[in-house]
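Please read the structure below before turning to the comments.
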Amino acid sequence: MTSILRGNIITMNPAQPRAEAMAVRAGRILAVGTLAEVRQAAGAGARELGFGRGAIVPGLIDTHNHMYWTGIQACLVDLGSARSILEIQHAIKAYADANPDVEWICSGTGWHVANLAEQRYPTRQEIDAVCADRPVYLPRVGHAAVANSLALRLAGIDAGTPDPVGGKIEREADGQPNGVLMEPPAFEPVARLVRPPTVPQQLQALRDVQRAYHAAGLTGVMEPGVTPEIMSIYQQLWASSELSMRTVLMPLADASRPLQHTLDRIAGMGVHSGFGDATLKFGGIKMFLDGGASLGTALMREPYPDERCNCGIQVTPTESFQAIARLCARLGWSLGVHVVGGRAIDIALEVFAEIDREYPIRDMRWCLIHAYLWPDAKNIREAARLGVQVATQCSMQYTFGPLLVKRFGTAMMSVATPVRSWLDGGVRVGGGSDSPITPYAPMLGMWQARTRRIAGTDEPIGRLQAVSGEEALAMYTRDAAYLSFSEHERGILQPGLLADWTALAVDPVVCDAESLRDAQVLATAVGGELVHGA
């Protein structure tokens, strides 16, 4: 069956930027052009669907989105709305009472200390007060976790446990752990003991979250830091033809494991980046080089203003990072490296340059993930020279902006998340959210990229780093497809490519930036099939 889409079509194809119609057949785009041209190409009997307002754009892609964990939060303790430690305690007790057979009490990751009245993490004693007879594990944003006394004991963490390389165990005055564990090397010994939801629950969580993502206009995500167990869940959904979100998996190089274990796992996979099909494929290996700015663990060039001796944490030692990067280059794997602070960005690019002399990486699509706290001009030039890309999350600047302005000042934050500088320097930038850490709605990301607004204020922070409407859209379409190893099949609307499209109530290129944030998604299609809207 051939269908025709009518409306204001933004193709993101430089050779044909706008069109008034598009024909779709067998999941791919048949023709793009004037309505008369498209009707002639489609032939008689084509079904027509028209949108009289807004614009039709290529299906939106999030280049850094933990879709699995966003979905799985429905099975866990939801702390996202907690505004005090007392509310955290109430949520844990309510979940424990409602789930007496659950062995481990575990929360989702999308909760923030900055939202709590106490402006600190709960302690193990505060968690013990509401649930001491079962282990409790509360991970937060991939860089911190809180465990109760039983969970610490089961993991073998006590006063005699030294801080692991790349991690920190926070302690009481007598040296006993207080329950707060910073960065994966510190909390993974607990995390590995947690039993996941059942396979049927995990599959249903992914089915449900896909519907929510399609309603936000998304047709594809890059899923970073996946374990073999998560890969298996994705494969099961793919095998049953229920994976409607085109997904690029980024296997995790776990810094909490011995280096040789990580190298053997990468070498033993037997495939490399790009393997798969249009629905499910491998991207790069994901690894952490530093922590997060809101936690004080991002690796900085200078100490944090409010902590004279703290420059952050290097999660993966440089020697281990070099070994993993060299193996990836030799085996044809792309590499996505979590770097937030300037010193981490320096180290990543220094290692990339070293590897490039032995194994040229320009065509491997190596990527800096986040890279938002003060890359300098040298970093930008080096990234452009090496063909290194950036996966940025403007919604993170929006969400954490108030906390970081308080910590670093407005002048410093005005040049954080420097999308304008990356683009002007010739670096390809993909847009994303890091959901569930910050909201997954791509319209929020495009709005923030254009306005540079942060939560709680109407004033832009760093207006000179704002981008145009077309540049913001490219971050979630054409350039996101390139980061996703998929530019040959999606990201622009042209004949022969997959018919993934999103219909919006506004024209995101020319509309007033303020109308973007809450713009309605009218319809979303994957392979020509509607997955959202009428």
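Does Val405 fit the bill of being open to solvent by less than 30 Å² (accessible area, probe 1.4 Å) and among the β-branched types (Val, Ile, Thr)? So Val405 fails the test.
Working only within region 355-370, note down all residues that are open to solvent by 60 Å² or more (accessible area, probe 1.4 Å) and part of a helix (DSSP H, G or I). Selection gives Arg357, Glu358, Arg362, Asp363.
With the structure loaded, tell me whether Leu263 is part of a helix (DSSP H, G or I), open to solvent by less than 40 Å² (accessible area, probe 1.4 Å) and either under 30 Å from Arg490 (Cα atoms) or among the small types (Gly, Ala, Ser) (or both) or whether it fails that test. Spelling it out, it is not the case that Leu263 is part of a helix (DSSP H, G or I), open to solvent by less than 40 Å² (accessible area, probe 1.4 Å) and either under 30 Å from Arg490 (Cα atoms) or among the small types (Gly, Ala, Ser) (or both).
Across region 266-283, the qualifying residues are those that are aliphatic (A, V, I, L, M), assigned to a loop (DSSP other than H, G, I, E, B) and open to solvent by 30 Å² or more (accessible area, probe 1.4 Å), and the one among them that is farthest from Gly430 (Cα to Cα) is Met269. Tell me, which residue of region 231-243 that is in contact with a strand residue (DSSP E or B) (Cβ under 8 Å, 6 or more places away or on another chain) and not aromatic (Phe, Trp, Tyr) is farthest from Gly268 (Cα to Cα)? Of everything passing the filter in region 231-243, Leu243 is farthest from Gly268 (Cα to Cα). Would you check which residues across region 272-292 are in contact with a Leu (Cβ under 6 Å, 6 or more places away or on another chain) and within 23 Å of Pro258 (Cα to Cα) and list them? Selection gives His272, Gly284, Ile285, Lys286, Asp290. With a requirement of 3 or more residues that are more than 18 Å from Ile10 (Cβ to Cβ), the strands (runs of 3 or more DSSP E) lying completely within region 432-534 that satisfy it span 529-532. Return a yes/no flag: does region 287-304 have any residue that is open to solvent by 60 Å² or more (accessible area, probe 1.4 Å) and either of a type in the set (D, E, K, R) or part of a loop (DSSP other than H, G, I, E, B) (or both). Yes, some residue in region 287-304 is open to solvent by 60 Å² or more (accessible area, probe 1.4 Å) and either of a type in the set (D, E, K, R) or part of a loop (DSSP other than H, G, I, E, B) (or both). Somewhere in region 332-349, is a residue open to solvent by 30 Å² or more (accessible area, probe 1.4 Å) and more than 24 Å from the chain's Cα centre (by Cα)? No, the conditions are met nowhere in region 332-349. If you check Thr451 against the conditions, is it touching a residue at least 12 places away in the same chain (Cβ under 8 Å), among the hydroxyl-bearing types (Ser, Thr, Tyr) and in contact with a Gly (Cβ under 9 Å, 6 or more places away or on another chain)? Considered against the rule, which asks whether it is touching a residue at least 12 places away in the same chain (Cβ under 8 Å), among the hydroxyl-bearing types (Ser, Thr, Tyr) and in contact with a Gly (Cβ under 9 Å, 6 or more places away or on another chain), Thr451 comes out as no.
Filtered by the rule that a residue be part of a helix (DSSP H, G or I) and of a type in the set (Val, Ile, Thr), region 371-412 gives Ile380, Thr399, Val405, Thr410.
Filtered by the rule that a residue be in a loop (DSSP other than H, G, I, E, B), of a type in the set (Ser, Thr, Tyr), within 18 Å of Ser81 (Cα to Cα) and at pLDDT 90 or above, region 103-128 gives a lone residue, Tyr121.
Filtering region 76-88 to residues that are open to solvent by 30 Å² or more (accessible area, probe 1.4 Å) and in a helix (DSSP H, G or I) leaves Leu86, Glu87.
The values are calculated or read from the model by the stated rules, or taken from the named source; none is laboratory data. These numbers come from a predicted model, not from an experiment. Note that each Cβ is placed from the backbone with ideal geometry, even for glycine, and that neighbours are counted across all protein chains shown. Ligands, DNA and RNA are stripped out before the accessible areas are found, and what is left, the full protein with its side chains, is counted by its heavy atoms. Shrake-Rupley method; radii C 1.70, N 1.55, O 1.52, S 1.80 Å.
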